[in-house]
Amino acid sequence: MARIANGCEEWGFFQLVNHGISVELLERVKKVCSECYKLEREEGFKNSTMVKLLNDSVEKKSGNKLENVDWEDVFLLSDDNEWPSKILGFKETMAEYRAELKKLAEKVMEVMDENLGLPNGYIKKAFNCGERDNAFFGTKVSHYPPCPHPEMVNGLRAHTDAGGVILLFQDDEVKGLQILKNGEWIDVQPVPNAIVINTGDQIEVLSNGRYKSVWHRVLAFPDGNRRSIASFYNPSFEATIAPASELIEEVNKEVDQTYPEFMFGDYMSVYAEQKFLPKEPRFQAVRAM
């Protein structure tokens, strides 16, 4: 409990091993996601606007870094969108994996509740509009292919995550994920079969700033094809998010809170326009809404 509290308070990131998800399932996830990229997406990436932009920049010898794009192939899995269907076992494997990850996310939130001194189930209820089951659980499958000019492009630009609890199954051989700590970018070293947990902006608000969302990015590399599978347990768009009353000091309850109360859907409208910008103006914008 103390180590998780430290990870949330001091780092905003921690890695879980012995998390209860079988190695056999994780190996299947690696296999089907790698096959999906190679068989269905790799050729498309080679002919993408991203690759053309980089090639044009190299030909013109501009030397300027491409700041507003990411060297990333990505697609989203959720309960209500279409999944890749040509890869044998993809749907079954990823459905099983997502079910396990969702249970793990809820376990992690219960630990956060206890560490913060909140009633059991507080964060889950906040995200699900009480006793309903309408929180959003999505899975982003990304690959970062080898980049011939990694100094000219970001794998993924620096940002904080908009939502709640993020559970990342990252490549255990090809590194690239970094977090910002005390002004310095630090590698999140791959640990075989670990699940990397980080907290998003909504956990920062609910915890009244005790658990801050942290800036992170992915570097592009000339070698390797980095696999990254990030699952997000986010509030329902209808959920009202505000600092937990238990975490607001008695003397300050009558004054304006540091964090506003807002509907998550409104926050996402702001985030869509400001994802790669500082988060504080996002809170100010949603307060004004």
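The values are calculated or read from the model by the stated rules, or taken from the named source; none is laboratory data. Computed from a prediction, not measured in an experiment: that's the story for all the values here. Reconstructed Cβ throughout: ideal geometry from the backbone, glycine too, with neighbour counts over all protein chains shown.
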**Prompt:** For residue 110, which of the numbered conditions (1) at pLDDT 95 or above; (2) assigned to a loop (DSSP other than H, G, I, E, B); (3) farther than 21 Å from residue 261 by Cα fails to hold?
**Reply:** (2)
**Message:** One residue is enough: does region 200-211 have a residue meeting the conditions without any contact (Cβ under 8 Å) to a residue 60 or more places away in the chain and within 28 Å of residue 96 (Cβ to Cβ)?
**Reply:** yes
**Request:** Select from region 83-107 the residues that are surrounded by 14 or more Cβ atoms within 10 Å (Cβ to Cβ) and either outside any helix (DSSP H, G or I) or hydrophobic (A, V, I, L, M, F, W, C) (or both) and list them in ascending order.
**Result:** 83, 84, 87, 90, 94, 101, 104, 105
**Complete:** Sole miss for residue 273 among (1) of a type outside the set (A, V, I, L, M); (2) more than 21 Å from residue 105 (Cα to Cα); (3) in contact (Cβ under 8 Å) with a residue 12 or more places away in the chain is condition (3)
**Complete:** Filtering region 116-133 down to residues that are at pLDDT below 95 and in contact with a Phe, Trp or Tyr (Cβ under 9 Å, 6 or more places away or on another chain) yields none
**Prompt:** For region 49-82, how many residues are surrounded by 16 or more Cβ atoms within 10 Å (Cβ to Cβ) and outside any helix (DSSP H, G or I)?
**Reply:** 7
**Fill in**
All conditions in (1) part of a helix (DSSP H, G or I); (2) modelled with pLDDT of 95 or more; (3) among the aliphatic types (A, V, I, L, M); (4) in contact with an Asp or Glu (Cβ under 8 Å, 6 or more places away or on another chain) are true of residue 21 except (1)
**Message:** For region 147-198, give me each residue that is free of Cβ contacts under 8 Å to residues at least 12 places away in the same chain and of a type in the set (A, V, I, L, M).
**Reply:** 186
**Prompt:** Identify, please: which residue in region 224-257 is part of a loop (DSSP other than H, G, I, E, B) and loosely packed, with under 14 Cβ neighbours inside 10 Å and is, among those, modelled with the highest pLDDT?
**Reply:** 238
**Complete:** Screening 188, 174 for residues that are of a type in the set (A, V, I, L, M), surrounded by fewer than 22 Cβ atoms within 10 Å (Cβ to Cβ) and in contact with a Leu (Cβ under 8 Å, 6 or more places away or on another chain) leaves only 188
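Residue-by-condition table, conditions (1) closer than 23 Å to residue 130 by Cα; (2) of a type outside the set (D, E, K, R):
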residue	(1), (2)
196	no, yes
201	yes, no
217	no, no
227	no, no
232	yes, yes
264	yes, yes
267	yes, yes
